[in-house]
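To start, the structure under review is shown below, and the notes come after it.
What follows draws every value from the coordinates through simple rules; no lab data is involved. A quick note: this is a predicted structure, and the numbers were derived from the prediction, not measured. A quick note on method: Cβ atoms are made from the backbone with ideal geometry, for glycine too, and the neighbour counts reach across all protein chains shown.
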């Protein structure tokens, strides 16, 4: 019995020794870990410098292509239009107002035709190479010989007036048709007054 108690006491002592040894090792391990952690916390950790990214230069924009040449439409061909001389222009007074009218059996130019003769005279004087024919006429009354002579006097009266206005005599020829070329048909004063006249005839072209 005593031997068993002694053996039990010895076993308990061994257990206690192991426990104390284990406890000491554990304590030493804790102290070592604590010291290591303290050393790590006291050592400053170098913070890496921030990486600054350089801006990437944008690629240069390609130069715009030159504008395409715009072809302008060819202008329409110009048609040369010859200007009509006044004596051929149907809108000109030189062409439309050429007749001087006379009273019955008279060959005197009336004042109402002075403006017409002045206009015609200035035009002819400004165109010395242009020639005209002054044609005298009479109405149907009277003989053929009488009417031819009267028509000639009327043509000469107009020619003389134009000479006084500066027209060269060589530019004008005075003739008579008598009553052969009436301007108005009929046998009354309305027709006869249109046939007692002298016409200034220009070239047809």
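Counting only residues that are in contact with a strand residue (DSSP E or B) (Cβ under 9 Å, 6 or more places away or on another chain) and farther than 17 Å from residue 113 by Cβ, which one in the stretch 180-205 is surrounded by the most Cβ atoms within 10 Å (Cβ to Cβ)? Among those residues, the one meeting the criterion is 202.
Of all residues in the stretch 89-120, those satisfying the criterion of being buried (at least 17 other Cβ atoms within 10 Å of the Cβ) and in a loop (DSSP other than H, G, I, E, B) are 98, 102, 107, 109.
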